[in-house]
Amino acid sequence: MSDILTQTQNSFLNHLKSQGRASATILAYGNDINQFVSFLRNESLSDPKQVEKDHIEAFKKDLLTKNYTSKSVARKLNSIKTYFKYLESAQLISQNPSHGVSHPKYILNPPRILTKMEYRSLRDVCRHDARMYAIIELFLQTGIRISELANLSVQDIKNNKISIRAYESHGSRTIPLNKPAKDAVSKWLEMRPESDSDAVFLTKTGRPFQVRNIRTAIDRYFKLADINNATVNDLRHTFIAHQLKAGTPLTLVSKLAGHKRLSTTEKYLEFIKDKSTNETPKLEEL
């Protein structure tokens, strides 16, 4: 039979699901709280009512001693604070022991934005792979998320536009396809294997191309293009930053990127030099 810590942990995760939080977010919270619960059990604690501020401080110290980065520790503390905030609101505890627990200081690294030379080099090394060329063009020309790209169906692409369906905590939106992206996708669709799946991107055996496989494939092309310290998400960063630099209106970039808050898009402005004064609502071709 599960103890009270396990019961409240499961209740917390179910609460996150009921709020429509993204599956990746729930997984991250779950891993963080599970690690914290294991630490509490080693301290002979079995009920969140027994937890005090000193226990959380000890957990933080233990993580830092084990060489977790300050950023990782801060994220785990955020998970713990959210967990106890839920327990308090659900009246499962009378006092919140996470109040007053400080985060370790850390420097937030700026987003990795590919230069023109880098993303052109990336194009060059995958030019003879129609599937990957189309994927990279979509990332660069639309700023689409990797999960959204993996979920694209053939029916989502028509009239020079891509329709992104609502999923988890993300809303629906429509993104225009410029000529480079349209040409790359059209060429891939002509070569796309026959399949019962309506997914745009498939494996050679006709199965949907999964997120983890897309990451692996792009990482391989990053290496071939001699692009260091880059990830798939940096292609999205590159779209956002280059659009803002070209003078594309902030509100339009934010809408196309699917940001919930304009402030999320605004943060990119501090990493942009020599911003264009062009205020015409026209998207830049990368």
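Say whether the condition of being outside any helix (DSSP H, G or I) and under 21 Å from L16 (Cβ atoms) is met by at least one residue in segment 57-80. No, there is no match, as no residue in segment 57-80 is outside any helix (DSSP H, G or I) and under 21 Å from L16 (Cβ atoms).
Please specify each residue of segment 79-122 satisfying the condition of being small (G, A, S) and closer than 30 Å to D234 by Cβ. Within segment 79-122, S79, S121 meet the criteria. When the test is whether a residue is among the polar types (S, T, N, Q), in a loop (DSSP other than H, G, I, E, B) and either surrounded by 15 or more Cβ atoms within 10 Å (Cβ to Cβ) or in contact (Cβ under 8 Å) with a residue 40 or more places away in the chain (or both), S98 passes it. Scanning segment 54-94 for residues being under 19 Å from Q9 (Cα atoms), polar (S, T, N, Q) and either modelled with pLDDT of 95 or more or surrounded by 15 or more Cβ atoms within 10 Å (Cβ to Cβ) (or both) gives a total of 3. Residues of segment 191-213 being part of a helix (DSSP H, G or I) and either free of Cβ contacts under 8 Å to residues at least 24 places away in the same chain or touching a Leu at 6+ places or on another chain (Cβ under 7 Å) (or both), which ones? Passing the criteria: R212, N213. Taking the criterion of being buried (at least 21 other Cβ atoms within 10 Å of the Cβ), in a loop (DSSP other than H, G, I, E, B) and in contact with a helix residue (DSSP H, G or I) (Cβ under 8 Å, 6 or more places away or on another chain), the residues of segment 119-160 that qualify are C126, G143, I144. Residues of segment 214-264 being open to solvent by less than 70 Å² (accessible area, probe 1.4 Å) and part of a loop (DSSP other than H, G, I, E, B), which ones? Once the filter is applied, which keeps residues that are open to solvent by less than 70 Å² (accessible area, probe 1.4 Å) and part of a loop (DSSP other than H, G, I, E, B), segment 214-264 yields A225, I227, A230, T231, A246, G247, T248, P249, G258, H259.
Could you grab me the full set of residues in segment 215-233 that are among the charged types (D, E, K, R), in contact (Cβ under 8 Å) with a residue 12 or more places away in the chain and closer than 17 Å to M117 by Cα?
We begin by selecting, within segment 215-233, every residue among the charged types (D, E, K, R); these are 215, 219-220, 223, 226.
Imposing the further condition that a residue be in contact (Cβ under 8 Å) with a residue 12 or more places away in the chain reduces the set to 215, 219, 226.
Within segment 215-233, just D226 meets the criteria.
Of the set (1) open to solvent by less than 80 Å² (accessible area, probe 1.4 Å); (2) touching a Lys or Arg at 6+ places or on another chain (Cβ under 9 Å); (3) polar (S, T, N, Q), all apply to T115 but (2).
Condition check ((1) surrounded by 14 or more Cβ atoms within 10 Å (Cβ to Cβ); (2) under 16 Å from V73 (Cα atoms); (3) at pLDDT below 90) across all residues:
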{"residue": "L5", "(1), (2), (3)": "yes, no, yes"}
{"residue": "T8", "(1), (2), (3)": "yes, no, no"}
{"residue": "H15", "(1), (2), (3)": "yes, no, no"}
{"residue": "G20", "(1), (2), (3)": "no, no, yes"}
{"residue": "S23", "(1), (2), (3)": "no, no, yes"}
{"residue": "D32", "(1), (2), (3)": "yes, yes, no"}
{"residue": "Q35", "(1), (2), (3)": "yes, yes, no"}
{"residue": "N42", "(1), (2), (3)": "no, no, no"}
{"residue": "P48", "(1), (2), (3)": "yes, no, no"}
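When segment 161-213 is filtered for residues that are hydrophobic (A, V, I, L, M, F, W, C), under 30 Å from R21 (Cα atoms) and open to solvent by less than 30 Å² (accessible area, probe 1.4 Å), the ones remaining, listed by number, are I162, I164, I175, L177, A199, V200, F201, L202, F209.
The values are calculated or read from the model by the stated rules, or taken from the named source; none is laboratory data. Remember, it's a predicted structure, so these values are computed and weren't measured experimentally. FYI the Cβ positions are ideal-geometry reconstructions off the backbone, even for glycines, and counts take in every protein chain you see. Each accessible area value is taken on the protein alone, full model and side chains, heavy atoms only, with ligands, DNA and RNA left out. Shrake-Rupley method; radii C 1.70, N 1.55, O 1.52, S 1.80 Å.
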